[in-house]
1. Just checking, does region A:95-103 include any residue being in contact (Cβ under 8 Å) with a residue 60 or more places away in the chain and either farther than 30 Å from residue A:159 by Cβ or part of a helix (DSSP H, G or I) (or both)?
2. Being within 13 Å of chain A (Cβ to nearest Cβ), within 16 Å of ligand 1 (Cβ to nearest atom) and closer than 27 Å to residue B:189 by Cα, is that true of even one residue in region B:80-94?
3. Please work out which residue is surrounded by the fewest Cβ atoms within 10 Å (Cβ to Cβ), limiting yourself to region B:125-150 and to residues that are within 14 Å of chain A (Cβ to nearest Cβ) and part of a helix (DSSP H, G or I).
4. Looking at residue A:301, is it part of a helix (DSSP H, G or I), at pLDDT 95 or above and in the same structural domain as residue A:396 (by TED's automatic domain parsing)?
5. Does residue A:49 count as buried (at least 20 other Cβ atoms within 10 Å of the Cβ) and assigned to a helix (DSSP H, G or I)?
6. Take region B:108-124 and flag every residue that is more than 22 Å from residue B:83 (Cα to Cα), part of a helix (DSSP H, G or I) and away from chain A (no Cβ under 11 Å).
7. Across region B:164-175, which residue is farthest from ligand 2 (Cβ to nearest atom) among those that are within 24 Å of residue B:32 (Cα to Cα) and not in a strand (DSSP E or B)?
Ligand SMILES: Nc1ncnc2c1ncn2[C@@H]1O[C@H](COP(=O)(O)OP(=O)(O)OP(=O)(O)O)[C@@H](O)[C@H]1O
Ligand SMILES: [Mg+2]
């Protein structure tokens, strides 16, 4: 304890220098924590939206994940009702979202454009996605029967085809046998997913219409919603087993390409940024320590003459580094916490990410584990660098140190 | 060890320094022995090798040649760690510039050698208090060194050197930064305490008035200890008038 007290007193010797060092360490720590918090918040948001789009788990025939289909629904799920009742028996399963993916042309009589259509179960699909699907015009699909099959079209697609709710369109697609099929439908609403490229081709219809279009009873894949997204990894194997032979179950993460690429990009950007900040902070601490050590050369000689071992001196300096770095890191953590809380209430919007049309709120996560790790990291690195810069001085010949002016 | 074993015995100590082109022989074949409780003054002009000899005797420097017996044990070949531990336990230093630790209080400065030696807190506290009493600084115990006068600071340094009951005290120009009256007091204090503790003391000084207070004086010149030094073997211990 006496060594530690000595180290603390030593850091108070040149208050201005220590304060500057501490401030820089604090700002650096806060910057790292805020960047990490921002990245973490972004990852969470993307993970949630990815899981919402695909399902916490996605069940499909194994071939579906492995091979490209030659004809529509070649690797589709045959007996959906049976699979459905098996899966719903699982205690963690909340909702099942059957989907049929098919492509073809959509025509307004004058022109035809390519569509990427999804057949869905309107009730559960919109229950989950509803609040997040940005409806532009009209209303959602419903399971209620109507004379003409209903569809939702992407905003950009509606513009291309010059349609509004109530307008009629014709869908053209190959059936599972490879024959061409056509179906008259009515636009019920238009929506935006926030991804303009996707809105140009996207089209939703109900499962029944899709099956009629493709002349089949199959579905493409099944999104499984659990009571909690966190269960996905643990439950995957069990759900796969429940689904039975020939089925494969993936987690949302396997499907989340956007999430994965953003995460990879941010990890690199923020990793490099954090590395640079850490180096600057360490450099400042090393500089302050070596100045302080040189000023104390005679004292080092004195302490050595009195019988202090070089490693004991190094330990004092290491503690000084730890005190400086630790105090700086703690102040920085408090700073980051304050900024995070302010951001939570400030409601600042970030511009849309590349390839998106809507922004998202600027907010940063407060993750105690990351705070602890960063503070600990700063302390450890500051200690190491103080040790390194003090090693030589602690071993300087005593007479030389004593005669230092 | 017997009553007559010298605390230190230096035999044939030599040390040379490289100075630019040439070599300076700082110490040439110097030998001396110090019995317990004796205070020996080394005098001589600047550059005569006093500090060099003191540094070697204090185990903070190494000679080129020569044998060093401390309490009868040959310490010439010890490694740095052993030398550090020997300094810690057996040697006290008093410097010309006081060399107190500025961030520590007077009491903590005196306590430091005991702390290093791993003595328990209660015992340390007792010995520090006793030492503060002896050097007359009880009132100043919690002050920082920079709040003290030069004479008071050197008394703290004396206390720090002697609190661990060393076998040997090394004092290189201990009074050079003090006025003559204060110098008198400090040298008397060193002498009394060394006598009381039975510690041998090596003092380097320019000051003839100071050297006459010591039990014995050796003069040095050009790295040699002069055999015919005028004050060698002073008969009676000279006590302050
Ligand atoms: N580190 C060193 N490098 C080179 N030469 C040195 C060194 N230390 C001492 N010397 C030389 O050794 C000789 C003896 O020096 P020393 O310091 O022992 O003398 P001194 O008697 O203590 O002198 P002073 O009374 O000025 O303190 C001098 O010529 C000095 O220049
Ligand atoms: Mg000298």
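The values are calculated or read from the model by the stated rules, or taken from the named source; none is laboratory data. From a predicted model like this one, the values you see are computed outputs, not experimental measurements. All Cβ positions, even for glycine, are placed from backbone atoms using ideal geometry, and neighbour counts span all protein chains on display.
1. Restricting attention to region A:95-103, the residues satisfying the condition of being in contact (Cβ under 8 Å) with a residue 60 or more places away in the chain are A:95-103.
From what's left, either farther than 30 Å from residue A:159 by Cβ or part of a helix (DSSP H, G or I) (or both): A:95-96.
Yes, that holds for at least one residue.
2. First pass over region B:80-94, keeping only residues within 13 Å of chain A (Cβ to nearest Cβ): B:80-94.
Still in the running and within 16 Å of ligand 1 (Cβ to nearest atom): B:93-94.
Applying the additional criterion that residues be closer than 27 Å to residue B:189 by Cα yields B:93-94.
Yes; the residues of region B:80-94 include at least one that is within 13 Å of chain A (Cβ to nearest Cβ), within 16 Å of ligand 1 (Cβ to nearest atom) and closer than 27 Å to residue B:189 by Cα.
3. B:146
4. Working: part of a helix (DSSP H, G or I): yes; at pLDDT 95 or above: yes; in the same structural domain as residue A:396 (by TED's automatic domain parsing): yes.
Judged against the criteria, residue A:301 is a match.
5. Values: buried (at least 20 other Cβ atoms within 10 Å of the Cβ): no; assigned to a helix (DSSP H, G or I): yes.
Judged against the criteria, residue A:49 is not a match.
6. Start the filter on region B:108-124 by keeping residues that are more than 22 Å from residue B:83 (Cα to Cα), which leaves B:108, B:120-124.
In the following step, the residues that additionally are part of a helix (DSSP H, G or I) were identified as B:108, B:121-124.
Those that are more than 22 Å from residue B:83 (Cα to Cα), part of a helix (DSSP H, G or I) and away from chain A (no Cβ under 11 Å): B:122, B:123.
7. Here is the first cut: in region B:164-175, the ones within 24 Å of residue B:32 (Cα to Cα) are B:165-175.
From what's left, not in a strand (DSSP E or B): B:165-167, B:173-175.
Numbers: B:165: 26, B:166: 21, B:167: 22, B:173: 6, B:174: 12, B:175: 13 Å.
Restricting to residues being within 24 Å of residue B:32 (Cα to Cα) and not in a strand (DSSP E or B), the top hit is B:165.
Yes/no matrix, rows are residues, columns are (1) within 30 Å of residue A:84 (Cβ to Cβ); (2) at pLDDT below 90; (3) out of contact with any strand residue (DSSP E or B) (no Cβ under 7 Å at 6 or more places or on another chain):
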residue	(1), (2), (3)
A:123	yes, yes, yes
A:149	yes, no, no
A:160	no, no, no
A:183	yes, no, no
A:214	yes, no, no
